[in-house]
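The values are calculated or read from the model by the stated rules, or taken from the named source; none is laboratory data. Computed from a predicted structure; not experimentally measured. Quick reminder, even Gly has a Cβ in these numbers, built from the backbone with ideal geometry, and neighbours come from all protein chains shown. Keep in mind that these areas ignore ligands, DNA and RNA; they rest on the heavy atoms of the full protein, side chains included. Shrake-Rupley method; radii C 1.70, N 1.55, O 1.52, S 1.80 Å.
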Amino acid sequence: MITHPVVRPEVRGTVVLQALACATVALAPVEGYLTAVQSQLGKVAPALLTLAWLAVRLRRRQLPRPTPLHAVLALLAVVLAATAALHAAGPFTAEYTVRWLPFLVVTAALADVASREVPIHWLLLAAAAGATVAGAGALFSLI
């Protein structure tokens with residue numbers, strides 16, 4: 001009789017965060033190719049990462065671990081808000097402001113996940129893999 005080990009929820013959450021963080025980083029360099037296939041395809045991994053990150057933090061009742069990057073993101077958010085307030089009458093202000101918000105949230109989630117669940121070398125390998133695929137795609141498009 002084969003028995004399956006019981007996976008604790010905190011371990012399962014960690015594995016999901018690791019996979020989604022690596023996928024988000026790896027797919028970032030090829031987002032243009034994904035967008036050419038379907039306009040929102042490049043947003044799937046970051047959206048799933050954000051949802052999983054929120055679910056894990058809520059389930060574990062953990063606040064994000066502060067990192068220096070969070071301070072930089074907070075400063076960028078202040079600059080974004082000030083710029084939007086200054087140019088509130090502009091025709092594209094709301095559109096540009098809304099486009100920046102997911103970037104801020106995903107980057108904050110990645111910084112938190114990298115400080116707890118995902119070894120940084122995994123993220124570096126994922127970035128290198130994504131850049132390699134993007135470079136290969138660029139070379140292929142020249143041929």
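Given 0.36 nm per residue, what is the gain on full extension from residue 41 to residue 94 after removing their alpha carbon distance, in nm?
Stretched out fully, the residue 41 to residue 94 stretch lengthens by 16.8 nm.
Would you mind calculating the gained length between residue 55 and residue 78 on full extension (0.36 nm times residue separation, minus the Cα-Cα distance), in nm to one decimal?
Length gained, residue 55 through residue 78: 5.7 nm.
So if I place +1 on the C-beta of Lys and Arg and -1 on the C-beta of Asp and Glu, and nothing else carries charge, what would the dipole magnitude of region 27-112 be about its Cα centre? I want it in debye, nearest 20. Intermediate values should be presented prior to the final figure.
Details: 7 positive and 3 negative charges, 93 e Å.
Dipole magnitude for region 27-112 comes out near 440 debye.
Using only DSSP helix segments of four residues or longer, with each worth -39500 (n - 2.57), what per-residue ellipticity at 222 nm results for the chain after dividing by its residue count and rounding to 500?
Rounded to the nearest 500, it is -26000 deg cm²/dmol.
Identify, among 115, 105, 62, the residue whose Cα sits farthest towards the positive end of the charge dipole of region 9-141, taking +1 on the Cβ of Lys and Arg and -1 on the Cβ of Asp and Glu, with the dipole about the Cα centre.
62
Which one of 22, 32, 130 is farthest out on the positive end of the charge dipole of the chain, using unit charges on Cβ (Lys, Arg +1; Asp, Glu -1) and the Cα centre as origin?
Most positive-ward Cα: 22.
State the Kirkwood hydrodynamic radius of the chain in Å, one decimal place, computed from all pairs of distinct Cα atoms.
Kirkwood hydrodynamic radius for the chain: 17.2 Å.
Of the candidates 116, 65, 99, which one comes out as most mobile in a Gaussian network treatment of the chain with C-alpha springs shorter than 10 Å?
99
With helices defined as uninterrupted DSSP H runs, which ones in the chain have an alpha carbon span along their own long axis of at least 18 Å and mean Kyte-Doolittle hydropathy of at least 1.0?
The qualifying helices are 9-27, 44-60, 68-86, 120-142.
Just subtract the alpha-carbon distance of residue 140 and residue 124 from 0.36 nm times their residue separation and send over the number in nm, one decimal.
3.4 nm
Ignoring ligands, DNA and RNA, what percent of the accessible area of the chain is carbon or sulfur (1.4 Å)? Before the final figure, lay out each step's value.
Working: 7270 of 9630 Å².
Exposed carbon and sulfur together represent 75 percent of the surface.
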